[in-house]
Amino acid sequence: MEGRDELLALLRENARYSTAELARLADMDEEAVEEEIAALEAEGALRGYQAVVDWSELDRERVRAMVELNVTLDRETSYGDIADRIVKFPEVTALRLVSGDYDFAMEVEGDSMSEVSWFISEKVAPIPEITQTVTHYVMDSYKENGIEFGDGDEDDRLSVSP
Amino acid sequence: MTIEPSARAEAVPPSGIRRFFELAEQQEEVISLGVGEPDFSAPWSAREAAIASLEQGKTSYTANRGKLELREAIADHVAAHHDLAYDSDEEILITTGVSEAIDLALRAIVDPGDTVAVAQPAYISYVPGAIFAGGEPLPVVTRPEDEFTLTPEVLTESGARDADVLVMNYPNNPTGATMTREQLEPVAEFAREHDLTVLSDEVYAQLSYEHEHTSIATLPGMRERTIVFNGFSKAYAMTGLRLGYALGPAGVIEAMNRIHQYTMLSAPTTPQYAAIEAIESCDDEVAEMRDQYNRRRRFVLSRFEELGLDCFPASGAFYAFPESPWDDSDAFAEALLEEEGVAVVPGDVFGEGGEGHLRVSYATGLGELKEAMARLESFLS
């Protein structure tokens, strides 16, 4: 269990660590690392490994929006049923059921504002159970997946000290 | 006229660390494994508490002994973490870094001619501190075959039975050695038998990776003859805020406070606010930093093994202490710096017993550690 937690912590920190590096850092055999990761994947606990991209550093428009969704349920339709329909769209990057004033918090990504707007009004809003959408376009991003997007602090320590 | 330095100042040579600092500064693209402080910054909530205290105009002196609220927080903290019971009114003194606390302790208990046994290799302040206090330093050289732990054998061999004071530092800078309760027991027995006062610098207490840290003051009959030092520099990454503390019997803390009130008055105020917050709410951050150091420790030790570099499994602080591939560790460290741009500190800087070894600090990001090990590999081949 300890090795498993340590591996998860390491992969969440940097999913590009090689097996050899993970073994060194977690003090495990390479074989044990491979086995544990395979087990975590088979259990569905490890769902993927993705890069954290700061699009503003690239000359590329990437539009993202947080969308609040309100829905009505009936005897035949659960939150899960509605979610199943929404997550199928590749434009949707995250969908969470939340507490508070609305039901779902949805994140959407596209190449332009018109594309994202069109997707929400033409694909999401018409879903019969959805009663209201409120769209917030992301204007700037300062931290994603635990990674700060600033320039970082410079190491201003003395190069050699007691 | 020229101002002549006193004999006391002249008695102590400049630190050997300085030379390596200057060499490293002259070079470009240096990866430094020579740094004796964390690469993290203090937890944000601690920094914010310091900022808030400034916004509220808290810029006056505190009590000589430090803010009572901080002393109370320290009393609770050391009781919970290290099984140490000290009274916040009489037995705790907040100082400007652990360095000040050690200087105060030596000046408060050492009379001219007293022998101060110093377990070495060790942090560079103890021997000069003993000299400034008028004492005679006596090196007690720990051995690689004991993984640099302090043993009754080396104490006996060095003549420490006639000493008045013993200074020790575990988890240790520069070796990364730690001592278990079982290993401390015979040292405690030696101290009781030969009536030694023990100054135990435990500033790395929260960075022990293989076992829980044990303070020697918790061993039978040791509390009354021990002064424990700890601070916020290492575990909370607050080196520059200069805040430490001493724990000891009321009498000696009173004597230390007497010197402190005339020389320092009180430890700086702003860091005391940061420290209260650090103790009260930053356990998770400390644990996270400890996990990071531990990963790097494993990485460095496993790379040393691969490179055939002889190194005992350092288990504390953020240092490894491999044997220098060349007999002359100074020459090796200098060549490694010049040819590969990797700075390490030769062991002889840390007193007797350090020669022939290198202090490698892993308080550096993993990416840099990887690159440094690759450069070391190319240098060795």
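Any read-out appearing in this document is the output of simple, stated calculations on the displayed coordinates, not a laboratory observation. This is a predicted model, so every value here is computed, not measured. As a convention, Cβ positions derive from the backbone with ideal geometry for all residues, glycine included, and neighbour counts pool all protein chains shown.
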For A:LYS143 and A:GLU61, calculate 0.36 nm times their separation in residues minus their Cα-Cα distance, and state this gained length in nm to one decimal. 27.7 nm
Whole-Hz couplings from phi, Karplus 6.51/-1.76/1.60, listed for the stretch A:34-42; x for Gly and Pro: 4, 5, 5, 5, 4, 5, 4, 5, 5
Give the long-range amide H neighbours of B:GLY231: residues separated by 5 or more places, or on another chain, with amide H under 5 Å away, using H modelled in the peptide plane at 1.01 Å from N. B:TYR245
Say each of B:ARG19 and B:GLU55 gets a label point 7 Å from the Cα, pointing the same way as Cα to Cβ; how far apart are those two points in nm? 5.0
Can you give the convex hull volume per residue for the Cα atoms of the stretch B:129-206, as a whole number of Å³? 96
Taking R0 as 25 Å and r as the Cβ-Cβ distance between A:ARG12 and B:TRP326, the FRET efficiency 1/(1 + (r/R0)^6), rounded to the nearest 0.05, comes to 0.05
Calculate one ³J(HN,Hα) per residue across the stretch B:116-130 by plugging θ = phi - 60° into the Karplus curve 6.51 cos²θ - 1.76 cosθ + 1.60, and present them in order as whole Hz with x for glycine and proline. 10, 7, 10, 5, 10, x, 7, 3, 6, 7, 5, 5, x, x, 5
Do the sum for the protein assembly as shown: with -39,500 (n - 2.57) for every DSSP H run of n ≥ 4, divided by all residues, what is the mean residue ellipticity at 222 nm, to the nearest 500 deg cm²/dmol? -12000 deg cm²/dmol
Residue by residue through the stretch A:122-137, the couplings from Karplus 6.51 cos²θ - 1.76 cosθ + 1.60 with θ = phi - 60°, in Hz, x for Gly and Pro, are 9, 10, 8, 4, x, 4, x, 6, 7, 9, 7, 10, 10, 9, 10, 7
Sites matching chymotrypsin sites (Phe, Trp or Tyr not before Pro) across the stretch A:85-123 that sit in DSSP coil, with at most 12 neighbouring C-beta atoms within 10 Å: none
Scan around B:VAL198 for amide H atoms under 5 Å from its own, H built in the peptide plane at 1.01 Å from N, and keep only partners 5 or more places away or cross-chain. B:LEU166, B:THR226, B:ILE227
Taking H placed 1.01 Å from N in the peptide plane, check which residues at least 5 places from B:SER32 or on another chain put their amide H under 5 Å from its amide H. B:ALA343
Nearby aspartates and glutamates by direct alpha-carbon distance to B:LYS58 (threshold 17 angstrom, same-chain neighbours under 8 apart not counted): B:GLU48, B:GLU69, B:GLU277
If you average 1/r over every pair of different alpha-carbon atoms in the stretch B:175-265 and take one over that average, what Kirkwood value in Å do you get? 14.5
Can you put B:SER324, B:SER53, B:SER361, B:SER15 in order of Cβ neighbours within 10 angstrom, beginning with the fewest? B:SER15, B:SER53, B:SER324, B:SER361
Starting from the Cα of A:VAL98, step 7 Å along the direction of its Cβ; do the same at A:TYR79; then give the gap between the two resulting points in nm. 1.3
Mean-square fluctuation maximum in Gaussian network of chain A, Cα pairs under 10 Å, restricted to A:MET66, A:MET113, A:MET28, hits A:MET28
So which chymotrypsin sites (Phe, Trp or Tyr not before Pro) in the stretch B:300-329 are both in a DSSP loop and have at most 14 other Cβ atoms within 10 Å of their Cβ? B:TRP326
For the pair A:VAL52 and B:GLU288, how long in nm is the line joining their label points, each one 7 Å along Cα→Cβ? 1.1
Just the number, please: Stokes-Einstein D of the protein assembly as shown in µm²/s, Kirkwood Rh from C-alpha pairs, 4 °C, 1.567 mPa s. 49
Within 10 Å of each candidate Cβ there may be at most 11 other Cβ atoms; applying that plus a DSSP loop requirement, which chymotrypsin sites (Phe, Trp or Tyr not before Pro) in the stretch B:1-103 survive? B:TYR61
Burial order of peptide ranges A:87-96, B:362-371 (average beta-carbon count within 10 Å, highest first): B:362-371, A:87-96
Could you size up the charge dipole of the stretch B:258-349 around its Cα centre, putting +1 on the beta carbon of Lys and Arg and -1 on that of Asp and Glu, and report it in debye to the nearest 20? 520
